[in-house]
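Colleague: Dropping a structure here in structure tokens format, bear with me for questions.
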Amino acid sequence: MFTKPFLCISSVIVLLVTSLQSTAYAVGNTSELQPPNILLIVGDDHGYADLGVANTSSDVKTPNLDILANKGIRFTQAYASAPICNASRVGLITGTYTQRFGGYWYDSDGLEQASEQTLAEVLKAQGYKTGYVGKFHYGGNHQPKSRNFPTNHGFDSFYGFSGGRKHYLIHNKNAEKQFNKSRKTHKQKGESLKMGAVWLNESQVDQQGFSTELIGEHANKFINTNRDKPFFLQVSFNAIHNFTHQLPKSYLKTKGLKGYHDWNPANETFRDWYVGGRYPNNPEGRAYYLGQLHFLDVEIGKLLSNLKQQGLADNTLVIYIGDNGGSTPIYANNGELRGSKYTLYEGGIRVPLIIYGAKKYQQGKVLDNIVSAMDLYPTILASAGINLPKHLDGEDISPLLLKQSQSNDKGELKERNLFWDTGHEIAVRSGKWKYKAAFDDYYAEKQMVKLELGEFLYDLDNDPGETTNLAIQHPDVVVRLKSQFKAWSKANVNNSRISKTTKKNRAKLDLL
């Protein structure tokens, strides 16, 4: 006779508990009950010295990135895993050395040969809503059926474009069609200006607007739509990549800039046009670069403001990182660092990195620990309380970020080793030492950057500009670092992707 009342009371209790849990989750934007949101912002070819807060370049103004850095943690020795975008972006999303599955240079397959779980796949499996906005470039096939396509490696939604370059101002199929027709008519060889439509998930749509602003707009739409659930949003701007002259006319007019024309196949070769727009041939080149940086910074400011307006700022891990070193041919400034994108000099692989974790992490810190873009994967998962996959080469750097940490700028991650291998150039960073060997400068010359061939050893603590080769003075260090590279290569590298010429060159230096 007590059955029905008992069931009624039990049902009420269950409903009350469920309601309380649901309410705590829904309103808990700053609550420990809700996992942190993740906003990962990737800049393209961002010069190492091109941050206002770094106080290294007087013509740079980045007020919103400066605010993020002053509230968060800025790393002065953060590295991309490659000096070009496609390999470095694969390293970031997998948390591993891409050489494991043949990722050396632009001719790689990207994620198609990779069995590793991406960061997005892990977070999605843990209940995160995942979105990708902007440029994706992993190498190989970029069509919707490929694993390289964002919705096939863990992202619920995608807005953006594929490949290394995209026109900043033109985004429609007909423009691309007419351009390619002109190129064919005039029998011109050269790269497309990528004027075509953008992807909205697996469909292509024509758009009007400036790509940096379109990316920011769609990123904010994702945040607004998913504000009541934990989300992972990767926002990959194409700023500050080629072709920086493609700026809104209103901006050019305000700055008094004449502008540089797009390639017209009827009038000149692609190479002549390309060289004319790059350092040192473009008198307005630096002004275009700074214009693209300005719009990038503005959109980052809008993202940060939106997080605050939505009540999400205190429970969102915000990360800003460059995909590779600054491209000096488009007038990026790498400060005292030697070299550019496309090379394994410090200027080609050292990148801006800012991490902001609101109340959870230290604020206003500048750390010189040696860290890698591969470290973001395990660090993000650790922040979300998720167990780390076994395949990771990156390290969880949370001990450097947490308030209760006793780590400082000489912390426990200082002496780690990092390795790079592009097929024609290799490098090892171990403590203050950097060993580097370059075998082929064909691509460097093509992209108008300098690469010295040979074998080199640098003391980066005392010579971050890599001006003095110490290989003869410290043969023991050279032997040690070469031995470490050989051990790493044997354990990680897919040598089937290395050319016969490269193998011969490495054999001469006892690197096989």
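Every read-out reported here was derived from the displayed coordinates using simple, explicitly stated rules and does not represent laboratory data. Only a predicted model underlies this, so the values are computations on that prediction, with no experimental measurement involved. Cβ sites come from the backbone with ideal geometry, for glycine too, and all protein chains shown count toward neighbours.
Colleague: If you plug each phi of the stretch 245-260 into the Karplus form 6.51 cos²θ - 1.76 cosθ + 1.60 with θ = phi - 60°, what whole-Hz ³J(HN,Hα) values come out, in order, with x for Gly and Pro?
Modeller: 6, 7, 10, x, 4, 4, 5, 4, 5, 4, 8, x, 9, 6, x, 10
Colleague: Please compute the net charge surrounding residue 455, taking Lys and Arg as +1 and Asp and Glu as -1 over other residues with Cβ under 10 Å from its Cβ. Don't jump to the answer; show the numbers that get you there.
Modeller: Working: positive: 436, 482, 508; negative: none.
Cβ neighbours under 10 Å give a net charge of +3.
Colleague: Amide H neighbours of residue 158 under 5 Å, at least 5 residues apart or on other chains, H built in the peptide plane: list them.
Modeller: 132, 201
Colleague: Ok, one more. Pop out the ³J(HN,Hα) list for the stretch 35-52 in order, Karplus 6.51 cos²θ - 1.76 cosθ + 1.60 with θ = phi - 60°, rounded to Hz; leave Gly and Pro as x.
Modeller: Listing the rounded values in order: x, x, 6, 10, 10, 9, 10, 10, x, 10, 6, 6, x, 4, 8, 8, 10, x Hz.
Colleague: Counting GluC sites (Glu not before Pro) as exposed when in a DSSP loop with at most 14 other beta carbons within 10 Å, what is the longest stretch of the chain free of them?
Modeller: On the way: sites that count: 32, 191, 202, 336, 412, 415.
Longest site-free region, per DSSP loop and neighbour criteria: 33-190.
Colleague: Further, regarding this structure: For the cross-link pairs 71/255; 173/249; 61/341; 308/365, which exceed 24 Å when the distance is taken from alpha carbon to alpha carbon?
Modeller: On the way: 71/255 31 Å; 173/249 22 Å; 61/341 22 Å; 308/365 22 Å.
Over 24 Å apart, Cα to Cα: 71/255.
Colleague: Considering amide H positions built from the backbone, and no H for Pro or chain starts, which residues 5 or more places from residue 322, or on another chain, come under 5 Å of its amide H?
Modeller: Under 5 Å from the amide H of residue 322: 43.
Colleague: Okay, next question. Considering the zone a paramagnetic label at residue 205 would reach in this model (a point 7 Å from Cα along the Cα-to-Cβ line), which residues of the stretch 123-163 have amide N under 15 Å from it?
Modeller: Taking a point 7 Å out along Cα→Cβ of residue 205, the residues of the stretch 123-163 whose backbone N falls under 15 Å are 132-134, 157-161.
Colleague: From the square roots a ≥ b ≥ c of the eigenvalues of the alpha-carbon gyration tensor of the stretch 418-508, which class results: rounded (a/c under 1.5), prolate (a/b over b/c), or oblate? Spell out each step's value before the answer.
Modeller: Numbers: a/c = 1.87, a/b = 1.18, b/c = 1.59.
Here the stretch 418-508 falls in the oblate category.
Colleague: Computed from the coordinates I sent, Cα extents along the principal axes in Å equals one of (i) 62, 56, 44; (ii) 90, 59, 44; (iii) 65, 55, 40. Tell me the label.
Modeller: Looking at Cα extents along the principal axes in Å for this model, the match is (ii).
Colleague: Counting only complete DSSP H runs, which helices of the chain cover 27 Å or more along their long axis at the Cα atoms and score a mean Kyte-Doolittle of -0.5 or above? Please list the in-between numbers first.
Modeller: Details: long enough: 3-27 (36 Å, 1.37); 285-309 (36 Å, -0.06).
The qualifying helices are 3-27, 285-309.
Colleague: Can I ask one more? So what is the calculated 222 nm ellipticity per residue for the chain, using -39500 (n - 2.57) for each DSSP H run with n of 4 or more, over all residues, to the nearest 500 deg cm²/dmol?
Modeller: Values: 15 runs with 166 residues, N = 512.
That calculation yields -10000 deg cm²/dmol at 222 nm.
Colleague: Kindly put 416, 338 in sequence by how many other C-beta atoms sit within 10 Å of each C-beta, fewest to most. Working shown, then result.
Modeller: Numbers: 416 15, 338 18.
Result, fewest neighbours first: 416, 338.
Colleague: Nearest 5 percent is fine: what portion of the DSSP beta bridges confined to the stretch 118-216 is antiparallel? Show your work: numbers first, answer last.
Modeller: Values: 7 of 13 bridges.
In the stretch 118-216, DSSP labels about 55 percent of beta bridges as antiparallel.
Colleague: If you don't mind, there's one more thing I want to ask. Enumerate the amide H contacts of residue 416 below 5 Å, restricted to partners 5 or more residues apart or on another chain; note that Pro and chain-start residues carry no placed amide H.
Modeller: Result for residue 416 returns 431.
Colleague: Whole-Hz ³J(HN,Hα) for each residue in the stretch 354-360, computed from phi via Karplus 6.51 cos²θ - 1.76 cosθ + 1.60 with θ = phi - 60°, x for glycine and proline: what do you get?
Modeller: For the stretch 354-360, the Karplus curve yields 10, 10, 10, x, 6, 6, 6 Hz.
Colleague: Next question. Give the distance, in whole Å, between the Cα centre of the stretch 263-319 and the Cα centre of the stretch 435-512.
Modeller: Centre-to-centre distance over Cα atoms comes out at 32 Å.
Colleague: Looking at the stretch 212-308, which trypsin sites (Lys or Arg not before Pro) are DSSP coil and have at most 15 other C-beta atoms within 10 Å of their C-beta?
Modeller: Numbers: sites: 221, 227, 249, 253, 255, 258, 271, 278, 286, 302, 308; in loops: 227, 258, 278.
Here the trypsin sites (Lys or Arg not before Pro) that fit, given the DSSP loop and packing criteria, are 258.
Colleague: Within a Cβ distance under 11 Å of residue 510, other residues only, what is the Lys/Arg minus Asp/Glu net charge? It would help to have the intermediate numbers written out before the result.
Modeller: Numbers: positive: 482, 486, 506, 508; negative: 455.
Here the count lands on +3.
Colleague: Label residue 70 and residue 452 with points 7 Å out from Cα along Cα→Cβ: what is the distance between them in nm?
Modeller: Rounded to a tenth, the inter-label distance reads 3.9 nm.
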